[in-house]
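Read the structure below first, then the notes.
The values are calculated or read from the model by the stated rules, or taken from the named source; none is laboratory data. Computed from a predicted model, the values in this text were never measured in an experiment. All Cβ positions, glycine included, derive from the backbone under ideal geometry; neighbour counts span all protein chains shown.
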Amino acid sequence: MFRGLLLVASVALLFVPGANTNAADEENPVIKLIKSKVKDEKKTFAILVTFKVKPGNEKKFEEAFAPALIATRKEPGCVAYYLNRDTEATSNYVMYESFKGIPGLDAHLKEKHTQTLLATVIPLCEGDPQIKVLTVPE
């Protein structure tokens, strides 16, 4: 459904410090997506981010996540942050992330550990990461 939302090149440009001088002026495409899907920006929501890792890069991918998992879980806006690997298609990973509103995710995306993570893992993937937004039924 969100195929093509985040092109690998644009993700890298948005998140690698200094790669795009206008990045600070532009709204992050992930934040734009979340705003289009949630009614109340202050309510807790979750996202599923699916990655297909290039064969042979699974260990590098998992190692890149290790420091970010620890650091993100300490962020005040983080509710949950878990990396999951598909047991059948072992090159496929799903991140379950939950934040206390859009400001929590926005702060997370600006963290150095998040920028380092994305700059490292995006080149290890085939195609674009896919994002699905989840909210609690009202």
**Request:** Could you tell me which numbered condition Val121 fails, if it satisfies all but one of (1) in contact (Cβ under 8 Å) with a residue 24 or more places away in the chain; (2) surrounded by fewer than 14 Cβ atoms within 10 Å (Cβ to Cβ)?
**Result:** (2)
**Request:** May I ask you to verify whether Lys110 is within 12 Å of the chain's Cα centre (by Cα) and of a type in the set (D, E, K, R)?
**Result:** yes
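Evaluate the following for Ala64: is it assigned to a helix (DSSP H, G or I), within 15 Å of the chain's Cα centre (by Cα), surrounded by 14 or more Cβ atoms within 10 Å (Cβ to Cβ) and among the hydrophobic types (A, V, I, L, M, F, W, C)?
Judged against the criteria, Ala64 is a match.
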**Asked** What do you reckon, is Thr50 modelled with pLDDT of 95 or more and in a helix (DSSP H, G or I)?
**Response** no
**Asked** Being at pLDDT 95 or above, touching a helix residue (DSSP H, G or I) at 6+ places or on another chain (Cβ under 9 Å) and not aliphatic (A, V, I, L, M), is that true of even one residue in region 22-31?
**Response** no
**Asked** How about region 96-118: which of its residues are surrounded by fewer than 19 Cβ atoms within 10 Å (Cβ to Cβ) and in a strand (DSSP E or B)?
**Response** Tyr96, Ser98
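From the list Lys37, Lys43, which one is closer than 18 Å to Gln130 by Cβ and surrounded by fewer than 17 Cβ atoms within 10 Å (Cβ to Cβ)?
Lys37
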